Amino acid sequence: MAGLFTADIENRGLVLDPRTKLAVMITLVVFALGGAGSDIQAVAWATIALSGLPILLLATARQWSKAAVFGLLYAALKSAELLLVPHLSGAALSVVGVCCLIFVRLMPSLIMGAYMLSSTTVSEFIAAMHRMHVPQQITIPMSVMFRFFPTVLEEFAAINTAMKMRDIRIGGRNAGKLIEYRLVPLMVCSVNIGSELSAAALTRGLGTSVRRTNICKIGFHAQDIAVIAASAAVYILWMLGLTGVVK
Amino acid sequence: MSENAAVLRDVTFRYANGEQGALNSIDLEIKRGECVLLCGSSGCGKTTVTRLLNGLIPHYYEGELSGDVSVLGRDIRITAIGELAGTVGSVFQNPRSQFFCVDTTAEIAFGCENMGLPEAEIQNRIDKTVTEMHIEKLQDRSIFNLSGGEKQKIACAGVAAMLPELIVLDEPTSNLDLDAIDELREVIAAWKSQGKTIVVAEHRLGWLEGMCDRVIFMENGGISAIFSGTDFFAISTEKLNDMGLRTVHTDCNYLESETGLHAIKPYSGSEVITLEGFTYSYGGQDALDIGRLELPVGSVTAVVGHNGAGKSTFVKCLCGLQKRFRGTITVGGKRLRSKDMMRLSYMVMQDVNHQLFAETVLEEVMLGADEGSEAKAEQLLEKLGISHYKERHPMSLSGGQKQRVAIASALLAGKNLLVFDEPTSGLDFRSMECTAELLGSLDSDVTVLIVTHDMELIDRCCTHILHIENGRIQQVVDL
C-alpha cells in the first residue's frame, strides 16, 4: 500500500524522522531545482550526488521497483544532459536540452516527495508538525485529509472494476461520458465515507480544545544524522565556493 | 450518582435532511451496567437512539429535537461531543470509515491522544486493553492487512482504551462473518463483566443471546415493546419474522458440511456450466485450486466458507476480474477464457453505489444493452417492480431498489451468470425476504452465485451450496 502517508509499517525498512526528510527536501529544492551554486564545480558535483539520495532512500524503505525505475530514468536524463546536449545543435538542441533541463531539475525533488509520502505514517507526520510547533488547527484537518485519500483511491478502483464489467471503456459506445460515469459514484461514495469518518472522529474526541498528546516516537537516530550531514555538506561547499575557498 | 446511565424523556427528533429514522416521543431509561439490544426494521429509529446517546445528535446530525436526553447525568444538548468522548464510546458498522491511523497501535491510542492524556498513561492503557482483549497478535500491524473482524476488534480496543462507562454499538456485525461475530461477542461479554453499560442496535440477533438484559423493539420511531433478554430469545421464529425481525436460530450451519457442491433443494435443470483449471496463486501460496466443477445452469448457489477460504478469489476468477488467471468455463458447448468470461458474468458488489453510473434508471439499464431494446428493458423493470422509478436518478433510490437496477442492467447486457457479494449484509428481515424472492424468481437460464454468510438467505432461495475451504473442494457430490 504505497499512497499518501500510508506506509506499510510491517515492512518499511530504515525509518527516518519526518523532519530529516523535510530537510533533505529543502536542500534538493535549493540546489537541484533552484540551481544554487551551479557555477561552482564542487557544488555541481555534490548536487548530482545529493540527487541520488532520494533514490537511495527509496531503496532503504524497501521500495525496490520504484527506486530502480527512478534511478535509471534519472541516470539516463542526467547523462544525456552531460554527454549528449553539448554535441547537439538547432532544433534537436532546443527539444532535448529543454527536456533535460526541466526533468533533471524537477526529478530529485519529485522523487523525494514520493519517498516522503510513501514512507511516513499519519501519526509520524502529526508528531513532527507538533514538534515544529505547527498549530493543531492546521495539522488535524490535514491528517484527516491524508486519511481520506487512500479510501477514495480504493473506491475509485472498485468503480473501475464495475465499469470494466459493464464494458464501459475508451472506444466503446459511451466513451464520451467516461468521466461523468466515474465521478458520480465516486462523489456519492466519498461523501458517505467522509461523513462517517467525521462522525467516528468526533465520538473519539478529535477536535476538542484539549491539547492532543502524541505517543508516536519520532526522533533523530544515526541514519538521520548521516542524511543531515550529507545535506549540510552541500551548503558548506556552497559557502566555501562563495567565499572562494573552493571552485 | 444516579442508577441510570441514560434517560430519554418524551424525545422527538426529525433529521433536517429528511433521512429515515425519525423518533416520536420516546421514553427510555437505561440502567448502569445494563446490556440493551435495540431492534426493529430499517428506518425504525434504532440508529437515531444510538446517535442521541453519543451526542452525534444534535451536535453532528442536524434536525429538530424536543424532549430531554441525559447521558451519565449530563444534558446532551449542552454537553459538547468531545466532552462525552471519554465517557461514551462508539463502535460503528463500517470498519473502513472509522479508522484514522494506518497502524493498529496508533489507532488504539488515537482516542486517548485526543483526550490529551499523558504519554505514560496512554501506554499503560494500551497494554492493559491489549491484554484484556487478547489482541497481542494484532499490535503494530498495518490496518490494510487486517480482516474485517480484526478491524472491528481494533475499533473496540480503541474505544475500550478510553475507559468509557457507556458503549454504543451501531450494527457492529454487518460486515463480519460468523467467526468474527463470535469474537466480538467475547469482547462484549468482557465489557459486561467489567460493569460497563452497553447499547447495541442490530439486525442480526442470534449472537446476543444470553448477553442482553433487555431488548427494546422499535417500530416507526416509537418503542413498541420491551422484553427481558430471556423472554425475547424464547419468541418463535414466525413471530419474530412477523415483527420484521431476523431469525435468531437457524437450523443448520452449512460450514459444518463437507467441502464441495451440494444440492439442498430439488432441482430439475440438466445443463451445466463446466469450470476447469480454477487455480490461482499469489505470493507463492495457492489461493485457489479447484480442478473441475460443474455448476447447474439456472441454479442459485451459495458460496460459503470461512474468512480467507478463497471465496472472493473464486468469484473474481469467474467474473474474469482476476489478472493472470488461466482457467476456462464451458457453457452450451462454448469454451470461454478468462477475459471472455466478463461478457457472460456480472458481479453485484456489496456497495452497489460503485456500479450505478447513469442519470436515470432507464438510461442505466440501457447502457450495455443493444440499441432498440427499450421495450425489453421496460418489461424487465416491470418484472423487478421498479418500472415507476425509471425516470429517477439511480442514486436517489433505496438500497434494495439500487440492487434491482444493477441486476436489470446486467441481465439486459446479456449476462446470465450473476454473482452477488453479501447482498443481504445489514438488511432487515423484509428486505432480506425481498432479495431472496427476487433471486429465486430469475429466469431459468440465469445462474446465480451468492457469496454470503447469511444462513437465512440460503434457506430461502438457494438450490445449491458450494463450500470452499483453503481454496479447495473435495470431490463433487452427485447432483
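No lab work stands behind these numbers, since they all come straight from the coordinates. All values derive from a computational prediction rather than experimental measurement. Positions of Cβ are backbone-derived with ideal geometry, glycine not excepted, and every protein chain shown enters the neighbour counts.
Quick look at the values:
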{"item": "Cα principal axis extents for region A:75-190, largest first, Å", "result": "55, 55, 19"}
{"item": "Kirkwood Rh in Å, taken over all unlike Cα pairs in the protein assembly as shown", "result": "28.8 Å"}
{"item": "Estimated 222 nm signal from helices in the protein assembly as shown, with DSSP H stretches of n ≥ 4 weighted -39500 (n - 2.57), rounded to 500", "result": "-13500 deg cm²/dmol"}
{"item": "Candidate lysines for bridging to residue B:390, where Cα separation is under 29 Å - those fewer than 8 sequence places away on the same chain excluded", "result": "A:164, A:177, B:376, B:402, B:415"}
{"item": "Longest to shortest principal axis, alpha-carbon extents of chain B, angstrom", "result": "76, 51, 42"}
{"item": "Percentage, to the nearest whole number, of Cα pairs in region B:119-251 over 28 Å apart", "result": "24 percent"}
{"item": "Cβ-derived FRET efficiency at R0 35 Å, residue B:209 paired with residue B:16, nearest 0.05", "result": "0.40"}
{"item": "Calculated FRET value between residue A:11 and residue B:388, using beta carbons and R₀ = 60 Å, to 0.05", "result": "0.65"}
{"item": "Dimensions in Å of region B:205-298 - Rg and Dmax from alpha carbons", "result": "21.6, 56"}
{"item": "Ordering of B:196-205, B:391-400, B:318-327 by burial proxy (mean other Cβ atoms within 10 Å per residue, highest first)", "result": "B:196-205, B:318-327, B:391-400"}
{"item": "Mean-position separation - Cα centroids, region B:63-87 and region A:181-245, in angstrom", "result": "34 Å"}
{"item": "Coarse-grained scattering of region B:73-130 at q = 0.13, 0.17, 0.23 Å⁻¹, given as base-10 log I(q)/I(0) from a Debye sum over alpha-carbon atoms", "result": "-0.41, -0.68, -1.06"}
{"item": "Relative exposure of B:468, A:126, A:236, judged by other C-beta atoms within 10 Å (fewest first)", "result": "A:236, B:468, A:126"}
{"item": "Filtered trypsin sites (Lys or Arg not before Pro), region A:129-235: DSSP coil and at most 11 other beta carbons within 10 Å", "result": "A:211, A:217"}
{"item": "Rh by Kirkwood over Cα pairs, then Stokes-Einstein D for region B:84-183 at 1.002 mPa s and 20 °C, µm²/s", "result": "159 µm²/s"}
{"item": "Å³ per residue enclosed by the Cα convex hull of region B:181-258", "result": "110 Å³"}
{"item": "Equivalent ellipsoid semi-axes, region A:112-247, via Cα gyration tensor eigenvalues times 5, rooted, Å", "result": "42, 27, 12"}
{"item": "Separation of alpha-carbon centers, region B:127-190 and region A:85-151, rounded to whole Å", "result": "36 Å"}
{"item": "Hits among lysines - C-alpha to C-alpha of residue A:78 under 28 Å, sequence gap 8 or more where chains match", "result": "A:21, A:66, A:247"}
{"item": "Inverse of mean 1/r across different Cα pairs in chain A, Kirkwood, Å", "result": "21.2 Å"}
{"item": "GluC sites (Glu not before Pro) within region B:1-39, DSSP loop, no more than 16 other Cβ atoms inside 10 Å", "result": "B:3, B:19"}
{"item": "Spherically averaged projected area in nm², based on the convex hull that wraps the Cα atoms of region A:22-82", "result": "4.3 nm²"}
{"item": "Taking the C-alpha atoms of region B:265-378, convex hull volume expressed per residue in Å³", "result": "165 Å³"}
{"item": "Fewest-first sequence of B:254, A:235, A:115 by Cβ atoms within 10 Å of each Cβ", "result": "A:235, B:254, A:115"}
{"item": "Proportion of all alpha-carbon pairs of region B:229-272 beyond 13 Å (%)", "result": "70 percent"}
{"item": "Kirkwood estimate for region A:11-125, i.e. one over the average of 1/r between Cα atoms, Å", "result": "15.0 Å"}
{"item": "Amide N proximity, region A:220-247 versus residue A:49 label position 7 Å along Cα-to-Cβ, cut-off under 16 Å", "result": "A:226-241, A:246-247"}
{"item": "Relative contact order of chain B, defined on C-alpha pairs under 8 angstrom at six or more residues apart (%)", "result": "16 percent"}
{"item": "Cross-link reach list, lysines versus residue B:196, counting only Cα pairs under 24 Å and skipping chain neighbours closer than eight places", "result": "B:31, B:46, B:128, B:151, B:153"}
{"item": "Descending semi-axes in whole angstrom, ellipsoid equivalent of region A:178-233, from the Cα gyration tensor", "result": "39, 24, 8"}
